[in-house]
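Novice: Supplied in structure tokens, the structure appears directly below.
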Amino acid sequence: MSLSVVITSHNNASLIEDCLKSVHDIADEIIVVDNESTDNTVKIVKKHTKKIYSHQNNPSALNQAKNYGFTKAKSDWILSLDPDERLSPELAKEISSIINYQLSIINYSAYQFPRKNIIFGKWIEHGLWYPDQQIRLFKNGQGKFAEKHNHEKLQVQGEVRELSGHLIHYNYTSVTQYVDKINHMYSGNEATEFIRSGKKALWYDAIRMPASDFLTNFFAREAYKDGLHGLVLSIMQAFYTFVVFAKIWERQGFTEYNHQKFLSESLHEINQKQQESRYWHQQIQPNLFRRLRNLFLSRG
């Protein structure tokens, strides 16, 4: 069995070499699809592989380049990576075992594994950012992206098995980078998909959508356990959702809504979210007390 690693890039000179090094010992071929980089990305890639293909840079359709790269792969298996990702030693060992010892003769078409998102210098262990399972290893010809939006999962034919090793993702390193990406790469793309689905955003979604995202991440998915990082990221995720709503509203023609009871309706929506917040406070507070009590007893 053999392995093709497919990486897509665009101005990733500061990141891509560590990605390439992490797969060097397990890849039979490394394919890089470069999306019109203007920095030293291609120069760095040439030190590791000759299989470099050019592709038009399209921030609204990132997965087109990935699918294009898959068509160039000659191996039995394909591993799809981004330049800001790298394999942990544990994951590299697991993948090597699958390829070299032909464990893949068991009828699995693909493998997924957890991804560690390093955001603002810290591994974020809760919220939507972990375990963040990713399907990235699949039999050649049995996986592709639908190319409908940027946040879609790889679609595979057949059964998917889980691996335990981590994919390391050096995600956002600055607030500016976060804001730039949600504005230029993600929010507009998601708004387009929403409109295409035939759905319609209503005025109260301006409150419901971001508030629900915050409550889900910070409380239900326990982002509060990541401290200030978790709080800030939960707020920023809510902001992202609000920007998506605003772009949907824009594409719906900035629909006017100004009912005579608009203030009371808005307060009602806010009160509903306050009630949800109080619910989570009641759910979490006893658990916090128990953890503190157990910690005190263990030290006693």
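The values are calculated or read from the model by the stated rules, or taken from the named source; none is laboratory data. This structure is a prediction, so every number in the text was calculated from the model and none was measured. As a convention, Cβ positions derive from the backbone with ideal geometry for all residues, glycine included, and neighbour counts pool all protein chains shown.
Novice: Hey, among the residues in the stretch 131-145 that are closer than 19 Å to Ser2 by Cβ and in contact (Cβ under 8 Å) with a residue 24 or more places away in the chain, which one's surrounded by the most Cβ atoms within 10 Å (Cβ to Cβ)?
Specialist: Leu137
Novice: For the stretch 187-211, name all the residues that are of a type in the set (Val, Ile, Thr) and over 29 Å from Asn271 (Cα atoms). Break it down stepwise before answering.
Specialist: Step one: filter the stretch 187-211 for residues of a type in the set (Val, Ile, Thr), giving 192, 195, 207.
The answer is Thr192, and nothing else.
Novice: Still on this model: Identify all residues within the stretch 151-162 that are surrounded by fewer than 20 Cβ atoms within 10 Å (Cβ to Cβ) and outside any strand (DSSP E or B); write none if there are none.
Specialist: Within the stretch 151-162, His151, Glu152, Lys153, Gln157, Gly158, Glu159 meet the criteria.
Novice: So, one more: Tell me yes or no: at least one residue of the stretch 4-11 is at pLDDT 95 or above, part of a loop (DSSP other than H, G, I, E, B) and touching an Asp or Glu at 6+ places or on another chain (Cβ under 9 Å).
Specialist: Scanning the stretch 4-11 turns up at least one residue that is at pLDDT 95 or above, part of a loop (DSSP other than H, G, I, E, B) and touching an Asp or Glu at 6+ places or on another chain (Cβ under 9 Å).
Novice: Restricting to the stretch 169-202, what's the tally of residues that are within 17 Å of the chain's Cα centre (by Cα) and not in a helix (DSSP H, G or I)?
Specialist: Here the count works out to 6.
Novice: When you scan the stretch 16-40, how many residues do you find that are closer than 20 Å to Asn58 by Cβ and touching a residue at least 40 places away in the same chain (Cβ under 8 Å)?
Specialist: Of the residues in that region, 2 qualify.
Novice: Pick from the stretch 40-77 the residues that are charged (D, E, K, R) and not in a helix (DSSP H, G or I): which of them is surrounded by the most Cβ atoms within 10 Å (Cβ to Cβ)?
Specialist: We begin by selecting, within the stretch 40-77, every residue charged (D, E, K, R); these are 43, 46-47, 50-51, 66, 72, 74, 76.
Still in the running and not in a helix (DSSP H, G or I): 46-47, 50-51, 74, 76.
Values: Lys46: 11, Lys47: 8, Lys50: 9, Lys51: 18, Lys74: 12, Asp76: 16.
Only one residue fits best here, namely Lys51.
Novice: Oh, and also: Quick check on my filter: what residues within the stretch 24-58 are at positive phi and touching a Leu at 6+ places or on another chain (Cβ under 7 Å)?
Specialist: none
Novice: Could you check the stretch 137-150 and list, in sequence order, the residues that are assigned to a strand (DSSP E or B) and of a type in the set (Phe, Trp, Tyr)? First the steps, then the outcome.
Specialist: Filtering the stretch 137-150 for residues assigned to a strand (DSSP E or B) gives 137-139, 143-144.
The one that is assigned to a strand (DSSP E or B) and of a type in the set (Phe, Trp, Tyr): Phe138.
Novice: In addition: Condition first: in a helix (DSSP H, G or I) and at negative phi. Now tell me which residues in the stretch 104-136 satisfy that. Explain how you work it out, then say what you get.
Specialist: From the stretch 104-136, those in a helix (DSSP H, G or I) are 104-105, 127-129; that's our starting set.
Ser104, Ile105, Leu128, Trp129 - these are the residues of the stretch 104-136 that are in a helix (DSSP H, G or I) and at negative phi.
Novice: Let me ask something additional. Quick one: in the stretch 78-93, which of the residues that are touching a strand residue (DSSP E or B) at 6+ places or on another chain (Cβ under 8 Å) and of a type in the set (Gly, Ala, Ser) is surrounded by the fewest Cβ atoms within 10 Å (Cβ to Cβ)? Show your work before the answer.
Specialist: Within the stretch 78-93, the first condition is being touching a strand residue (DSSP E or B) at 6+ places or on another chain (Cβ under 8 Å), and the residues that meet it are 78-88, 91.
Then drop every residue that is not of a type in the set (Gly, Ala, Ser), which leaves 80, 88.
Details: Ser80: 25, Ser88: 16.
Per the stated criteria, the residue is Ser88.
Novice: Are there any pairs, at least 6 apart or on different chains, whose C-beta atoms fall under 6 Å, with the first in the stretch 229-245 and under 26 Å from Lys200 (Cβ atoms) and assigned by TED's automatic domain parsing to the domain that holds Ala191 and the second polar (S, T, N, Q) and at pLDDT 95 or above, and if so, which?
Specialist: Sorted first by the residue in the stretch 229-245, then by its partner, the pairs are Gln237/Asn217; Val243/Ser187; Val244/Ser187.
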